[in-house]
Structures are given as structure tokens and as C-alpha cells.
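Asker: Sharing a structure with you now.
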Amino acid sequence: FPRDIEIVTGGLIRNKEGKFLLTKSPKWSDKWVVPGGHIDPGETILEGTRRELEEETGLKVKPLHTFYFGELINSPEFHRPAHFVFFTSLFETDSGSVTLDERELSDYHWVTLDEALAMNLCSPTRSAILKYKTLL
């Protein structure tokens, strides 16, 4: 793998209306994903996720907890060979004004969990949402 094993993170962001932010990613075959990215050395999972979410969405977010983790090896949905160990955490925001980092993401929608599951999601995002629903 060109980057060895990569530690990555995503955030399920809930707004004050109870909807969740999904973003479209060219890196994931233009499928809908939770925003996120790589955890930097010295960052905790929640610190790295918060930084990535704020960079990619422009939202100020509050971390709640990590609820899902897994491993993904050479996903056909991802744009390059990769071995990921990933974490998904829940965040809240009071802000509604999304400003996407267009180098990373191309679109966004605030949706309910059921609406999300009807969308063309990448497999790790679908699995994370299904896991989150079991915790409600």
C-alpha cells in the first residue's frame, strides 16, 4: 500500500433540527459520505475528527463520542489502493452555514437517518449509520 496502514476518521454531524450532514466525495466514486480524513500524529480520534470536520465543512462542531470503528482494505469505491483503520464519531453543531472545502467535497445535504439510507452512500458510511441507528 502506498501509504501503509492509514488511520482515518469521519464525523456524523447532527444539527439542532436533528438532521445529519452528508457530503459527496469524488474520492469515493461521487458517493455520499460523512466528512472526515486522516488523524495527525499526536491527535486523539475526537481532536482529529473535529479538525477535519471544521476544515472540510466550515462548521463549528462539538464532539460527543466515538460509536463505530472498523477496517477497510482496497475498497473498490475508493480512488486508490488503501488499507484504512477508521473511526466514526458523533458531533453536534449549532451552525447551519456549511462552506465546503471544494478540493475534498462537491455537495452536501442535511438529512434524516432514513433519508440517508436511501442515498447512494459509500459502504463505510452506510455501515456507520446503521450502527448509529442501533444505539438510538
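Asker: What tally of residues in the range 114-124 results from selecting those that are surrounded by 17 or more Cβ atoms within 10 Å (Cβ to Cβ) and in contact with a helix residue (DSSP H, G or I) (Cβ under 8 Å, 6 or more places away or on another chain)?
Answerer: The number of residues fulfilling the criteria is 3.
Asker: Right, another one. What's the number of the only condition in (1) more than 14 Å from the chain's Cα centre (by Cα); (2) open to solvent by 80 Å² or more (accessible area, probe 1.4 Å); (3) under 21 Å from Lys62 (Cα atoms) that Ser95 fails to meet?
Answerer: Result: Ser95 fails condition (2) only.
Asker: Right, another one. Name the residue that is farthest from Pro26 (Cα to Cα), counting only residues in the range 102-128 that are hydrophobic (A, V, I, L, M, F, W, C), in a helix (DSSP H, G or I) and touching a strand residue (DSSP E or B) at 6+ places or on another chain (Cβ under 7 Å).
Answerer: Leu113
Asker: Given the conditions (1) free of Cβ contacts under 8 Å to residues at least 60 places away in the same chain; (2) surrounded by fewer than 17 Cβ atoms within 10 Å (Cβ to Cβ), which single one is not true for Phe67?
Answerer: Single failed check for Phe67: (1).
Asker: Sticking with this one: Given the criterion more than 17 Å from Leu22 (Cα to Cα) and not small (Gly, Ala, Ser), identify the matching residue among Leu117, Leu90, Leu72, Leu105.
Answerer: It is Leu72.
Asker: Check Leu12, Leu59 and return the single one that is open to solvent by less than 20 Å² (accessible area, probe 1.4 Å), assigned to a loop (DSSP other than H, G, I, E, B), within 24 Å of His109 (Cβ to Cβ) and aliphatic (A, V, I, L, M).
Answerer: So the residue among Leu12, Leu59 that is open to solvent by less than 20 Å² (accessible area, probe 1.4 Å), assigned to a loop (DSSP other than H, G, I, E, B), within 24 Å of His109 (Cβ to Cβ) and aliphatic (A, V, I, L, M) is Leu59.
Asker: When you look at Arg3, is it basic (Lys, Arg), modelled with pLDDT of 95 or more and open to solvent by 20 Å² or more (accessible area, probe 1.4 Å), yes or no?
Answerer: Spelling it out, it is not the case that Arg3 is basic (Lys, Arg), modelled with pLDDT of 95 or more and open to solvent by 20 Å² or more (accessible area, probe 1.4 Å).
Asker: May I pose another question? Which ones in the range 15-51 are closer than 29 Å to Ala118 by Cα, assigned to a loop (DSSP other than H, G, I, E, B) and open to solvent by 40 Å² or more (accessible area, probe 1.4 Å)?
Answerer: Scanning the range 15-51 gives Lys16, Glu17, Lys19, Ser29, Asp30.
The values are calculated or read from the model by the stated rules, or taken from the named source; none is laboratory data. Being a predicted model, the structure only gives us computed values, none of them experimental. FYI the Cβ positions are ideal-geometry reconstructions off the backbone, even for glycines, and counts take in every protein chain you see. The accessibility values were calculated without ligands, DNA or RNA, using every heavy atom of the protein model including side chains. Shrake-Rupley method; radii C 1.70, N 1.55, O 1.52, S 1.80 Å.
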